[in-house]
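Structure first, commentary second.
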Amino acid sequence: MLQIAIHIIIGVLIADLISGLIHWTQDHYGKASWPIIGGVIADNHRHHLHPDEFLTNSVLKRNYATFILIGLIGCVFAIFGWLNTITVTALIVGAWANEFHAFAHRYNDSRVLSGLRYFGLIQSPKHHRVHHQEDVWSHYCIITSYLNPAFRYFKVWRGLEICVEKITGVKAYRPPEK
Ligand SMILES: [Zn+2]
Ligand SMILES: [Zn+2]
């Protein structure tokens, strides 16, 4: 039982980490002109200009791109026999990453949301606001409250940006701000 709980927590953290990697890539390297995923990147840039606007979209419109991505990854994992408690948790939580992000833009707390926020399993509006108002170069992970402070402290994203620039010559650009 304890092992399953630990595996579920690892799965949640993996989903959070990947949500941060995708968000960071979109913010600093993505171009709306890119084929296929350009529309998703445009939506992400629009989110920085109008942070609460995506709440007016349907659940499907907010999450369709992630559902497609996770569906494809899930098929690959199933084919190769990689489905287990950790990967299934990461896939399910990852599929809903942008919905957890939407919860961080909702200011009316339900008891369930308050409880999940209390334990850091989903982010509070205050936690996510750091990315929108205080530091657009930090707090990319959009699910839990666990990874962002550590990544900020150890300057993980800055380190990655330096690596990307050294290897490819591509500089990270500043995302549009509110
Ligand atoms: Zn961002
Ligand atoms: Zn946001």
- Task: Just give me the residues in region 19-33 being more than 11 Å from the chain's Cα centre (by Cα) and within 13 Å of ligand 2 (Cβ to nearest atom), in sequence order.
- Result: 27
- Six or more apart or on different chains, Cβ under 8 Å: which pairs go from a residue in region 106-127 that's in contact (Cβ under 8 Å) with a residue 24 or more places away in the chain and within 15 Å of residue 142 (Cα to Cα) to one that's surrounded by fewer than 13 Cβ atoms within 10 Å (Cβ to Cβ) and of a type outside the set (Lys, Arg)? Could you list them? 106/55
- Task: Please state which of the following conditions residue 168 fails to meet, knowing it meets all the rest: (1) within 17 Å of residue 18 (Cβ to Cβ); (2) away from ligand 2 (no atom under 16 Å from the Cβ); (3) of a type in the set (Ser, Thr, Tyr).
- Result: (1)
- Does residue 13 satisfy being within 19 Å of residue 161 (Cα to Cα), more than 15 Å from ligand 1 (Cβ to nearest atom), touching a residue at least 24 places away in the same chain (Cβ under 8 Å) and surrounded by 14 or more Cβ atoms within 10 Å (Cβ to Cβ)? no
- Has region 73-88 got any residue that is at pLDDT 95 or above, under 24 Å from residue 58 (Cα atoms) and more than 16 Å from ligand 2 (Cβ to nearest atom)? yes
- Lone qualifier among 86, 167, 162, 79 - being away from ligand 1 (no atom under 16 Å from the Cβ), out of contact with any Phe, Trp or Tyr (no Cβ under 8 Å at 6 or more places or on another chain), in contact (Cβ under 8 Å) with a residue 60 or more places away in the chain and in a helix (DSSP H, G or I): 86
- Pick from region 47-60, criterion closer than 28 Å to residue 135 by Cβ and free of Cβ contacts under 8 Å to residues at least 40 places away in the same chain, ranking: surrounded by the fewest Cβ atoms within 10 Å (Cβ to Cβ): 56
- Item | Only listed residue being in contact with a Gly (Cβ under 9 Å, 6 or more places away or on another chain) and farther than 23 Å from residue 147 by Cα, chosen from 88, 40 | 40
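The values are calculated or read from the model by the stated rules, or taken from the named source; none is laboratory data. The model shown is predicted, which means the values in this text are computed figures rather than measured ones. A quick note on method: Cβ atoms are made from the backbone with ideal geometry, for glycine too, and the neighbour counts reach across all protein chains shown.
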